[in-house]
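Reviewing the structure listed below.
The values are calculated or read from the model by the stated rules, or taken from the named source; none is laboratory data. In this text the structure is predicted, and so the values were computed from the model without any measurement. Reconstructed Cβ throughout: ideal geometry from the backbone, glycine too, with neighbour counts over all protein chains shown.
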Amino acid sequence: MSVAAISDPLANLTWRRVMSDYRVSFFNRLVNSYGKPFKCLQRVITVSSASDAGEALEKAKREFERLEDVPNWKYHAQFLEVESNPPPDRAYPGLGLR
């Protein structure tokens, strides 16, 4: 190992894949008594061990199916949304960088 790699705190981060937190929200589309459509939240699942949004979606779908006891998430929700939410302390562990 070179001296530069030892003294550079970011040297190891270039090769390590940083996991992000994702929040997946499951919704139904409903109509209120005035005929106005709105989206109704069914459940939110936070996935903290996914390398990308696609992996987070698949994990959240399987967890939703398990929690709702249905074979397919679409039985209890019509659509979903995913948000990336990387916490600052996990983006660069130990460095306090954002």
Seminar exercise, completed: Taking the range 49-71 and keeping only residues that are surrounded by 13 or more Cβ atoms within 10 Å (Cβ to Cβ) and small (Gly, Ala, Ser), one is left with Ala50, Ala53, Ala56, Ala60
For this session: Just give me the residues in the range 1-47 being at pLDDT below 90 and of a type in the set (S, T, N, Q), in sequence order.
Result: Ser2, Ser7, Asn12, Thr14, Ser20
Exercise. So how many residues does the range 18-52 have that are assigned to a loop (DSSP other than H, G, I, E, B) and among the hydroxyl-bearing types (Ser, Thr, Tyr)?
Worked result: 3
